[in-house]
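The values are calculated or read from the model by the stated rules, or taken from the named source; none is laboratory data. Keep in mind that this is a model prediction, so the values were computed, not measured. Every residue, glycine among them, receives a Cβ derived from its backbone with ideal geometry; neighbour counts consider all protein chains shown. Please note that ligands, DNA and RNA were not included when accessible areas were found on the heavy atoms of the full protein model with its side chains. Shrake-Rupley method; radii C 1.70, N 1.55, O 1.52, S 1.80 Å.
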Amino acid sequence: MPTATDRDFLDMPVSDVRRVTHSGQDHHVVLLREPESGRRLPIWIGREHALELALRLLGHGSDLARPLGSDLSARLVQALGGSLREVRIDRLTQGTYYAVIVVEGLHGAVEVDARPSDALALALVVGAPVRADRAVVETTESDETVAEALAAIDSRDAADAQAFLDELTEEAERQDR
C-alpha cells in the first residue's frame, strides 16, 4: 500500500453540511470542496455529526454551554504536547470513507485512524487543513450514485448548514410547547 507521501492529496476544506430528503428519509452530507477547481467530495454522516459540523462551520461552537467531543479531542492533543497537522480523507472501501488525523507530537508525526465526521469536526475546531486523496475524489466523481446525490444536494429542497440548524431549533421549540 502506498504511503501518504507517495500519494497525491488535494486541499479540500469543509464547505457545507446538507440535509437531503430522499424517498421520505433524511440523509446528512458534509461537503468538501477544492477551492481552485470547485471539485466536491460528499461524505454521508449521521444527524448528530451533521449538527456538530454545522455548528462548527457557522462559528457557533464556542457559544455552547458545554464542550463537544471535538473540543475534548483538541484539548487532549494539546495537553499531551501535540498539535493537529492535518486531516486526510485517505480511502474509500465498499462505499465507506476513512480518515486519518495527523498529529505532530514529541516523537514526530503520528497518524491516527478516525471516522471522517470526527476528524472533520476536530479540523474545524483547531483550523487544521483537510486533504483528500485524489484517487478517492476521482473514484467518487465517476460514481453515478454520487452524481445523483450531488444533484439532490444542489436542489432547492436540500437544507444547507444554516437552514439545517434553523429546522432543528424550530423542532426543539415545538417540542418545548
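Restricted to the stretch 80-101, and to residues there that are in contact (Cβ under 8 Å) with a residue 60 or more places away in the chain and open to solvent by less than 10 Å² (accessible area, probe 1.4 Å), the residue that is farthest from D11 (Cα to Cα) is V100.
Being assigned to a helix (DSSP H, G or I) and aliphatic (A, V, I, L, M) holds for only one residue in A65, A99, A54, A109, and it is A54.
Applying the criterion of being open to solvent by 10 Å² or more (accessible area, probe 1.4 Å) and within 10 Å of the chain's Cα centre (by Cα) to the residues of the stretch 39-51, the residue that is nearest to I153 (Cα to Cα) is W44. Of all residues in the stretch 14-38, those satisfying the criterion of being among the charged types (D, E, K, R), within 16 Å of the chain's Cα centre (by Cα) and either at pLDDT 95 or above or surrounded by fewer than 13 Cβ atoms within 10 Å (Cβ to Cβ) (or both) are R33, E34.
Is one or more of the residues making up the stretch 10-30 under 18 Å from V125 (Cα atoms) and in a loop (DSSP other than H, G, I, E, B)? Yes; the residues of the stretch 10-30 include at least one that is under 18 Å from V125 (Cα atoms) and in a loop (DSSP other than H, G, I, E, B).
How about the stretch 140-167: which of its residues are touching a residue at least 12 places away in the same chain (Cβ under 8 Å), open to solvent by 30 Å² or more (accessible area, probe 1.4 Å) and in contact with a helix residue (DSSP H, G or I) (Cβ under 9 Å, 6 or more places away or on another chain)? Scanning the stretch 140-167 gives E141, D160, Q162.
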